[in-house]
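> First the structure, then my questions, so here it is.
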Amino acid sequence: MRSIASPRVGFTQVNGAQLYFEERGSGPPLVLIPGGSVDAQHFADVAEALGPDVHTITYDRRANGNSPRPDGWFGTSIAEQADDVAGLIEGLGVGPCAVWAGSLGGVILLELLIRRPGLVRTAIVQEPPLFSVLDDGGQIAKGLAASAARAMRDDTVDEGFTEHARQSLGAAFDGLSHEARKRMFVNARVFLGIEIPALVDYRPHPVDAFGRIDIPVHVMADPDNGQTPPGRAARWLADFFATELRHLPGGHIPYVTQPETTAAAIRTLIAA
């Protein structure tokens with residue numbers, strides 16, 4: 001991997017929270033929404049690979065990474081997370097822009113398209129865990145909520161997060177750099193205790209909710225993940241929007257495991 005150039009960094013006050021962000025390059029703006037336990041640093045390689053002619057904006061969601069936890073903040077919702085992205089786009093003056101988001105970030109992006117469609121020019125969603133579109137989604141959500149609650153109750157956050165990460169990422173989790181895994185563990189308590197409850201509570205009626213989206217939505221997934229809940233949800237979304245399910249190898253976090261391939265796939269869509 002090429003050496004990573006120093007980003008332009010800053011903080012912006014958004015929706016009652018202070019969000020840390022990083023910017024690289026210039027040209028068409030692209031916002032990348034982090035998923036659960038992921039922050040701006042996990043996108044450094046793919047942002048660099050996109051090159052100087054794309055204005056990439058990565059950020060830390062509230063209470064993750066360098067973004068402080070707001071005073072009195074003990075719970076969130078997908079709507080709140082989407083409003084944070086809207087505030088970031090408006091605060092930086094980059095809308096309407098392209099937005100890429102995977103996993104939990106993909107769910108946040110879909111809610112952003114429902115709430116503030118005028119801020120997004122092109123949406124790229126990768127393997128979102130949308131339980132409401134799966135026949136067994138309720139059972140999966142219940143199991144996820146129970147395991148997260150157990151880890152918080154027993155104060156076994158590191159162990160509970162490791163189990164979740166290995167289920168979601170497979171062998172790729174153990175193959176991550178020490179720094180990448182360390183940053184995920186730092187964010188794990190907020191993910192398990194606050195964000196997973198918000199995710200499992202997000203159960204929009206898919207046809208009514210997503211039927212209102214009228215901008216281009218592209219969907220990506222690793223073909224090897226076709227039988228996982230996020231992979232199946234990606235297939236449902238592609239069918240719903242009558243678009244191609246684009247193959248993106250690299251597992252559930254391809255921007256970390258295969259940043260050059262991920263950057264090339266993103267560049268193709270934002271240039272269209």
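Taken together, the values in this text are just the output of simple stated rules run on the coordinates, not laboratory data. Since we're looking at a predicted model, the values are computed, not measured. Please note: Cβ atoms are built from the backbone with ideal geometry, for glycine as well, and neighbour counts cover all protein chains shown.
> Under a plain spin-label model, where a point goes 7 Å from the Cα along Cα-to-Cβ, how far apart in nm are Asp154 and Arg203?
Calculated label separation equals 2.6 nm.
> Please report, in debye to the nearest 20, how large the charge dipole of the chain is about its Cα centre when each Lys and Arg carries +1 at its beta carbon and each Asp and Glu carries -1 there.
Charge dipole, the chain, about its Cα centre: 180 debye, nearest 20.
> Sketch the reach of a paramagnetic label on Ile215 as a point 7 Å from Cα along Cα-to-Cβ, and name the residues of segment 46-80 whose backbone nitrogen lies under 12 Å away.
Backbone N within reach: none found.
> Let me ask something else. If neighbour count is taken as other Cβ atoms inside 10 Å, put Thr243, Thr261 in order from fewest to most.
Least crowded to most crowded, the residues run Thr243, Thr261.
> Of the peptides 145-151, 119-125, how do they stack up when ordered by the mean number of other Cβ atoms within 10 Å, highest first?
Highest to lowest by the protection proxy: 119-125, 145-151.
> Could you list Val219, Val14, Val94 in order of exposure, starting from the residue whose Cβ has the fewest other Cβ atoms within 10 Å?
Val94, Val14, Val219
> Same structure, new question: Let me check against my output: what whole-number percent is the relative contact order of the chain, with C-alpha pairs under 8 Å and at least 6 apart?
Values: 506 pairs, mean separation 57.5, N = 272.
Contact order relative to length: 21 percent.
> Can I ask one more? If we count every other residue with Cβ under 10 angstrom of Pro249's Cβ, Lys/Arg +1 and Asp/Glu -1, where does the sum land?
-2
> On to the next question. P(r) for segment 8-270, please, calculated from all Cα pair distances in 10 Å bins and given in %.
7, 33, 40, 18, 1
> Oh, and also: What list do you get for Ile194, Ile215, Ile57 if you sort them by fewest beta carbons within 10 Å?
Numbers: Ile194 19, Ile215 13, Ile57 25.
So the residues, fewest neighbours to most, are Ile215, Ile194, Ile57.
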